[in-house]
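The values are calculated or read from the model by the stated rules, or taken from the named source; none is laboratory data. The structure presented is a predicted model; accordingly, all values stated were derived computationally and were not measured. So basically every Cβ, Gly included, is an ideal-geometry build from the backbone, and we count neighbours across all protein chains shown. When the accessible area is computed, the model is the full protein with side chains, heavy atoms only, and any ligands, DNA or RNA have been set aside. Shrake-Rupley method; radii C 1.70, N 1.55, O 1.52, S 1.80 Å.
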Amino acid sequence: MATLVLSSAGSALGSALLPSGLSFLGMSASGAALGGAIGSIAGSMADARLFGTASNVEGPRLADLHVMASSEGAPVPKLYGRARIGGQVIWATDYVERARRRSAGGGKGSGSSSTVTEYRYSVSFALALCDGQVTRIGRVWADGKPLSLANLTWRLHRGGDDQMPDPLIEALMGEAPAYRGTAYIVFEDLNVAPFGNRIPQLSFEVFRTLDTVEQLVRAMTVIPGAGEFAYDTEPRREILTEVSSRQINSHLASGVADFTAAMDDLDASLPNVEAALLVVSWFGDDLRCASCTIRPKVETRHKNTWPENWSVAGLSRLVATEVSRIDGRPSYGGTPSDASVRRALADMKARGLATVFYPFVMMDIPADASLPDPSGEGEQGAHPWRGRIAPAGEAAADVAAFFGSTAPGPAEWSYRRMVLHYAQLCADAGGVDAFIIGSELRGLTQARDGDGNYPAVAALKMLAADVRAIVGPHTKISYAADWSEYRGHDRGEGRFAFHLDPLWADANIDFIGIDMYAPLTDWRDGDAHLDAQEWGSIYDLDYLRSRIAGGEDYDWYYASEEDRAAQIRTPITDGAHGKPWLWRAKDLKNWWSNAHYDRPDGTEADVPTEWVPQSKPIWFTELGCPAI
């Protein structure tokens, strides 16, 4: 009412008092028009104050509810390996419109209000990806930008010959095709508002295995073994300031922890894997075993993590030792936190995997450490192989110092402290299927005392018994020997000792563990080398098969580095004894099948060792071959 009254009054007053050709804010207007506008504004304010006003506002709304069309007659791609491909819409619903109303009040004391109606659209659809059965999809992009699938409802049909119709399509259509032989993905009720109320242009990283190798893999070693939260199944953050933080162990668009994503990929890529071996590392600081401490370490003491702090063996971050640094950066990831290791074991068990626990020693010796080598010649190299840990003095005393006391206390950072800590952790976590008490400690196991005994082998037997008492009778236990160590100690000049046989024959050892990295071939650049002259191609499968139980470390060996450079090959023979398998690192079958006789002076002993032929299985706790 006030709006009408004051508008009319303002028009009359403006006509009487103001000139007819008036310029206001750069625009021409008559006095009547200007007066009416001023009166209308004043009246509106009065109306709002006296009576209040209400209005309805509608947001953008689609006029056409039909989906985008696919391309008629488009070819179906074939995929091998990994590729980024788009998809063709093969089924879709109409857009579903949902209205949302909200109030938008006026300013304080204005008395006005309005109702805003907003429209949200979603759609369900299926995209055909490629012909044949795929392994999995990786990353996804929408309109060229990464798209997280974490909060979306979607299903991948891999394209098998026996795949069934999608349940949503079948529910809406009554009868639905299964699209057998075609890999396709279904999105259910996808909110398209972020994409301008349309189905975005989607592309997918699709994986398809090339052959049957992936189907043959039965076990997997899980590394890196270091990284404070690398094995955590829950995302962790580092608090940087009061208002900022960063992800520590979640670097994918899906938002899940890196370990979870890796294990999901394992499930998809290697569907027949039955067992996983979890490597967890502590750090040694000296190749001289009597001086070497073995302890958990952190990347830095100055880190605040949320929602959980790092802790290993009762040690907190503030008092833990830091790993060495290279160019200002940690040379290793820190030891995985105990809590994260427990969660990783639980995740592996939930996936139906047999769990094998593998305590691991990494040598954290920086380049400027200037430590004398155990041999007494030169200095220790930077970050060396743990197989070079060895006595620098009397073997029995040095080995005893390295392994530590029978019941290590919290102040003792010895090898036994590490192994027994993880045996107890595994027991507390509900047990594991197998436990490794050590690996590749060749410099220790081949060390002899004054009486010719091997004290480290005796120490490993004692450790196996102590671990057995913790993990119980159902957990398999072993030592993972280096491929050059498992069969025995070649002392030169025909002298040989099956030095690990007392361990392999021990009642607490259930299998022969070998980290198998024996050389497969001797292929070299060019075509003038011997393997090329004999076989012609490194891709010849018969050639590769022939080197599994043949070639270097089976038929022949290089007596020196000079011989290796010149490819002068010395045949492996055994003279009158007739047991060439004794000297062959790759002849596992004969080593396993025969009784073992030591040759302390080059002559066979009359009595065999404790090893019973074929008594225990061989496990490759690691498997590979030199590539360079």
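For region 574-601, a tally of residues being within 21 Å of Val612 (Cβ to Cβ) and open to solvent by less than 20 Å² (accessible area, probe 1.4 Å) returns 5. Flag: Glu610 does not match the condition of being touching a His at 6+ places or on another chain (Cβ under 8 Å), closer than 20 Å to His499 by Cβ, part of a loop (DSSP other than H, G, I, E, B) and among the charged types (D, E, K, R). For region 386-396, the criterion of being open to solvent by 30 Å² or more (accessible area, probe 1.4 Å), in a helix (DSSP H, G or I) and farther than 15 Å from Pro455 by Cβ is satisfied by at least one residue.
Which residue, of Ser281, Ser254, Ser250, is in a strand (DSSP E or B) and polar (S, T, N, Q)?
Working: Ser254 fails: in a strand (DSSP E or B); Ser250 fails: in a strand (DSSP E or B).
Matching residue, one of Ser281, Ser254, Ser250: Ser281.
Take the residues of region 402-416 that are of a type outside the set (S, T, N, Q) and surrounded by 18 or more Cβ atoms within 10 Å (Cβ to Cβ): which is farthest from Gln446 (Cα to Cα)? Going through the qualifying residues, I end up with Pro408. Only a single criterion out of (1) at pLDDT below 95; (2) surrounded by fewer than 18 Cβ atoms within 10 Å (Cβ to Cβ); (3) part of a loop (DSSP other than H, G, I, E, B) is not satisfied by Pro165, namely (1). When Arg524, Arg569 are checked against the criterion of being modelled with pLDDT under 95, basic (Lys, Arg) and more than 20 Å from Thr445 (Cβ to Cβ), Arg524 stands alone in meeting it.
Selection over region 459-474 of residues that are farther than 29 Å from Ala585 by Cβ and of a type in the set (Val, Ile, Thr) gives a count of 2.
Among the residues making up region 178-203, those that are without any contact (Cβ under 8 Å) to a residue 24 or more places away in the chain and either aliphatic (A, V, I, L, M) or over 20 Å from Lys78 (Cβ atoms) (or both) are Ala178, Pro194, Gly196.
Residues that are more than 11 Å from Val206 (Cα to Cα) and either touching a Phe, Trp or Tyr at 6+ places or on another chain (Cβ under 6 Å) or open to solvent by 30 Å² or more (accessible area, probe 1.4 Å) (or both) within region 128-140 comprise Ala128, Asp131, listed in sequence order.
For region 617-625, indicate whether the set of residues that are in contact with a strand residue (DSSP E or B) (Cβ under 9 Å, 6 or more places away or on another chain), charged (D, E, K, R) and either open to solvent by 60 Å² or more (accessible area, probe 1.4 Å) or assigned to a helix (DSSP H, G or I) (or both) is non-empty.
Residues of region 617-625 that are in contact with a strand residue (DSSP E or B) (Cβ under 9 Å, 6 or more places away or on another chain), as a first pass: 617-625.
Next, only the ones that are charged (D, E, K, R) stay: 622.
Keeping just the survivors that are either open to solvent by 60 Å² or more (accessible area, probe 1.4 Å) or assigned to a helix (DSSP H, G or I) (or both) gives none.
Looking for residues that are in contact with a strand residue (DSSP E or B) (Cβ under 9 Å, 6 or more places away or on another chain), charged (D, E, K, R) and either open to solvent by 60 Å² or more (accessible area, probe 1.4 Å) or assigned to a helix (DSSP H, G or I) (or both), one finds none in region 617-625, hence no.
Taken together, Trp306, Trp310 contain a single residue that is among the aromatic types (Phe, Trp, Tyr) and either in contact with a Cys (Cβ under 6 Å, 6 or more places away or on another chain) or surrounded by fewer than 19 Cβ atoms within 10 Å (Cβ to Cβ) (or both), which is Trp306.
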